[in-house]
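This report refers to the structure that appears directly beneath it.
The values are calculated or read from the model by the stated rules, or taken from the named source; none is laboratory data. What you see is a predicted model; the values in this text were computed from it and never measured. Quick reminder, even Gly has a Cβ in these numbers, built from the backbone with ideal geometry, and neighbours come from all protein chains shown.
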Amino acid sequence: MPAPVMTNRHFRLMTLSLLFRDIIHPPEAMLNEAGIKAGLHVLDFGCGTGSYALPAAQIVGITGRVYALDVHPLAIQRVQRLAVKKGLTNMQTILSDGMTNLPDAVIDVALCYDVFHELREPEKVLAELHRVLKPDGILSFSDHHLKEETIVSRVTAGGRFKLSGKGKQTYTFVKA
C-alpha cells in the first residue's frame with residue numbers, strides 16, 4: 001500500500017532530518033492534540049523512526065498499548081531498540097505494508113502522520129484504520145505534503161470518516 005520501500009541509506013538520512021524536526025516541533029504537541037492519555041490503545045500507522053510512537057507509549061503508560069506499524073524493516077528495528085532502551089513494555093511493532101492484523105475495534109486513536117501522501121492504495125488503508133478503530137475512536141491526521149482541502153476530501157471520500165476538528169497541527173476525524 002505504501003510506495004516502494006525506501007533504501008536503507010535514504011531511511012538513515014530521513015532519520016537525521018526527523019531528529020532535527022522533533023527538536024523544533026516536539027511530537028508531544030501533536031499527541032496532545034490527538035488526545036493521547038493514560039490507558040489508551042494507539043496505532044501509529046507509518047511510525048518511521050518512532051517520533052510519535054515512543055512518546056505515546058510513555059503517555060499511555062502500563063495500562064495502555066501502542067502499536068507501531070511501518071513497511072520498512074529499519075524503522076521497526078529502530079523502534080524496537082529504542083523501546084527496549086526506554087523500558088517501554090507496552091509497545092508492539094508491526095512490519096506491514098498496511099494491514100495491521102489487529103482485531104476489530106481495539107484502537108482508541110490511530111495516528112496517520114506524514115505518510116498518507118506516499119500510499120499507493122489510501123482507500124485500503126482508511127478501510128483498515130476504520131476497521132481497527134473503536135466506535136468512538138479517532139483518526140488523528142497530519143500530512144504537510146497535502147493541502148487542507150485535499151486532506152479532508154480524501155479522508156472523508158469513502159464515507160468512513162467525518163471531520164470533527166482541526167488543531168494547530170492535526171485534523172481529527174471520527175468514524176462516520
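Among the numbered criteria (1) more than 15 Å from the chain's Cα centre (by Cα); (2) crowded, with 17+ Cβ neighbours inside 10 Å; (3) modelled with pLDDT of 95 or more; (4) assigned to a helix (DSSP H, G or I), which single criterion is violated by LEU31?
Answer for LEU31: the failing condition is (1).
I want to confirm something. Restricting to region 99-113 and keeping residues that are among the hydrophobic types (A, V, I, L, M, F, W, C) and within 21 Å of VAL174 (Cβ to Cβ), which single residue is surrounded by the most Cβ atoms within 10 Å (Cβ to Cβ)?
LEU111
So for region 100-108 (the condition being among the small types (Gly, Ala, Ser), touching a residue at least 12 places away in the same chain (Cβ under 8 Å) and touching a helix residue (DSSP H, G or I) at 6+ places or on another chain (Cβ under 8 Å)), does at least one residue qualify?
Scanning region 100-108, I find at least one residue that is among the small types (Gly, Ala, Ser), touching a residue at least 12 places away in the same chain (Cβ under 8 Å) and touching a helix residue (DSSP H, G or I) at 6+ places or on another chain (Cβ under 8 Å), so the answer is yes.
From the set of residues in region 52-77 that are touching a residue at least 40 places away in the same chain (Cβ under 8 Å) and part of a loop (DSSP other than H, G, I, E, B), which is surrounded by the most Cβ atoms within 10 Å (Cβ to Cβ)?
Residue satisfying both the conditions and the ranking: TYR52.
Every residue in region 114-130 that is over 16 Å from LYS175 (Cβ atoms), over 13 Å from the mean Cα position of the chain (by Cα) and assigned to a helix (DSSP H, G or I), please.
Correct list: HIS117, GLU118, PRO122, LYS124.
Do you know which residues across region 78-98 are over 17 Å from GLN58 (Cβ atoms), surrounded by fewer than 17 Cβ atoms within 10 Å (Cβ to Cβ) and either modelled with pLDDT of 95 or more or of a type in the set (Ser, Thr, Tyr) (or both)? So that I can check it myself, show each step before the final result.
Just the residues of region 78-98 that are over 17 Å from GLN58 (Cβ atoms), to begin with: 94-98.
Okay, now just the ones that are also surrounded by fewer than 17 Cβ atoms within 10 Å (Cβ to Cβ), so 95-97.
Within region 78-98, LEU95, SER96 meet the criteria.
What number of residues within region 128-153 are surrounded by fewer than 14 Cβ atoms within 10 Å (Cβ to Cβ) and among the small types (Gly, Ala, Ser)? Walk me through how you get there before you give the answer.
Filtering region 128-153 for residues surrounded by fewer than 14 Cβ atoms within 10 Å (Cβ to Cβ) gives 135-136, 144-145, 147-150, 153.
From what is left, the residues that are among the small types (Gly, Ala, Ser) are 153.
Going through region 128-153 one residue at a time, the tally reaches 1.
Within region 120-172, count every residue that is of a type in the set (Gly, Ala, Ser), under 16 Å from ALA34 (Cα atoms) and touching a residue at least 24 places away in the same chain (Cβ under 8 Å). Give the derivation first.
First, the residues of region 120-172 that are of a type in the set (Gly, Ala, Ser): 127, 137, 140, 142, 153, 157-159, 164-165, 167.
Still in the running and under 16 Å from ALA34 (Cα atoms): 137, 140, 142, 164-165, 167.
Add one more test, that the residue is touching a residue at least 24 places away in the same chain (Cβ under 8 Å), and what stays is 137, 140, 142, 164, 167.
Looking only at that region, the number is 5.
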